[in-house]
1. Going by a ≥ b ≥ c, the root eigenvalues of the Cα gyration tensor, does the stretch 26-106 fall in the rounded group (a/c under 1.5), the prolate group (a/b larger than b/c) or the oblate group?
2. Go ahead and estimate [θ] at 222 nm for the chain from helices alone: -39,500 (n - 2.57) per DSSP H run with n ≥ 4, summed, over the residue count, rounded to 500.
3. If you place +1 on the Cβ of every Lys and Arg and -1 on the Cβ of every Asp and Glu, how big does the dipole about the Cα centre of the stretch 3-223 come out, in debye to the nearest 20?
4. What is the fewest-to-most order of SER85, SER176, SER134 by other Cβ atoms lying within 10 Å of their Cβ?
5. Of all beta bridges DSSP finds with both residues in the stretch 3-223, what is the antiparallel percent, to the nearest 5?
6. Could you grab the relative contact order for the stretch 76-190? Cα pairs under 8 Å, six or more apart, rounded to a whole percent.
7. Taking other Cβ within 10 Å of each residue's Cβ, how do TYR62, TYR72 sort, fewest first?
8. By its C-alpha gyration tensor, with a ≥ b ≥ c as the square roots of the eigenvalues, how is the stretch 108-217 shaped: rounded for a/c under 1.5, else prolate for a/b larger than b/c, else oblate?
Amino acid sequence: MSHTAFNSHLMGDSNAWPLGKLVCVGRNYAEHAAELNNPIPEQPLLFIKPATSAVAMQEPVYLPKGVGDVHYETEIALLIGSPISKAQPAKALEAVIGVGLALDLTLRDLQTELKKLGHPWERAKAWDGACPLSSFVPVAEVKDWQELELSLAINGIEKQRGKAKQMLTPIAELLSHISQTFTLMPGDVVITGTPAGVGKLADGDQLDVQLTNLLKVTTQVVSL
Ligand code: ZN
């Protein structure tokens, strides 16, 4: 799907902005940090995926070839609707206009190599297609941020389940923290970290991804 076509689906047709940067947080759930033998960071671990890494989640998820294991990380995604810079948590939360789901696809073998070398992660995290995104539900439908719950099943077997209240840095604080360093603009997306249960994708896998009772996406994994 072309980038332009994807943009118009960010929030239905009434609120279409060009997709901006995707600001991601690593190790925001303690059990996920532990499963990869990573220490819990003292402050949120941030990285950015470019807009060119985003694809529509309901399209097939394409696995690149010859790059080792491709891991799924299911995450709550927040669509920003107004600029935020150096904002307090409550103010920062007001800038969110939609909530959705992201797959922070990761070339895990390559990331492990890059970490050992002390190199940036972009080659493992920011490639074309590395961020399948769902559409976004208007924020008015979120009754309680802390109770937002994501889940992922692969071929009918549950692999990941996590609630926003398990995050080491909660959503409002996370947005505030990010905005101290990176101005968030309308069309930017914040991806809030993955709960435990990450693993490898395989050709033909069927993914069922859900956000509370707000959103449900079924998609298929296809090898390139
Ligand atoms: Zn992630």
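FYI, it's all coordinate maths here, none of it is from the lab. Here the structure is a predicted model, which is why all the values come from computation and not from measurement. No Cβ is skipped: glycine too gets one built from the backbone with ideal geometry, and neighbour counts run over all protein chains shown.
1. Details: a/c = 2.37, a/b = 1.27, b/c = 1.86.
It is oblate, given that a/c is not under 1.5 and a/b is not larger than b/c.
2. -4500 deg cm²/dmol
3. Rounded to the nearest 20 debye, it is 380 debye.
4. Exposure proxy ranking, most exposed first: SER85, SER176, SER134.
5. Around 80 percent of the beta bridges assigned by DSSP in the stretch 3-223 are antiparallel ones.
6. 41
7. TYR62, TYR72
8. In terms of gyration-tensor shape, oblate.
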